[in-house]
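The values are calculated or read from the model by the stated rules, or taken from the named source; none is laboratory data. Note that the structure is predicted; figures quoted are calculated from it, not measured. The area values use the complete protein model at the heavy-atom level, side chains included, leaving out ligands, DNA and RNA. Shrake-Rupley method; radii C 1.70, N 1.55, O 1.52, S 1.80 Å.
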Amino acid sequence: MADLRLSDAERQDALDVLSEHVRTGRLDIDEYGSRSAKVTSAKLVSELVPLFEDLPSPRPSALLATAQPEPVVPPARNGNDGGGLGAFVMRYSLPLSIALAVIVLVLTRGRLLIVFALPLLLVLFGGWRRR
């Protein structure tokens, strides 16, 4: 990003922020005098950075406007994705639960349900073998 020139309002905002740091005891009067002189003579946003880098929030609006958001980094993969018992359970828990429910229904409700359960079981386990 280009180093932008400061406006009078941005310099005043930086001075106000320095005053806040004096009020909270983070800067003494001598530090405030030295830093405020540099703020009033600053022409570019980059000249404000060293004056505020050792101070916590609040920050001048000119520094906040030019701050780049940190990129979102996806979590690192460890090479074990898709393997192990946990992955098996996550992938097949629903089909296995349905199959178990069908078997229980068939055994407890009568033999007629096997007509409906057999095609369902074939579809579920047929799809399981193809993955």
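A few remarks follow.
- Sorting 102, 39 by accessible area puts them as 102, 39; the probe is 1.4 Å, largest comes first, and only protein heavy atoms count.
- For segment 1-64, the alpha carbon convex hull comes to 72 Å³ per residue, rounded to a whole number.
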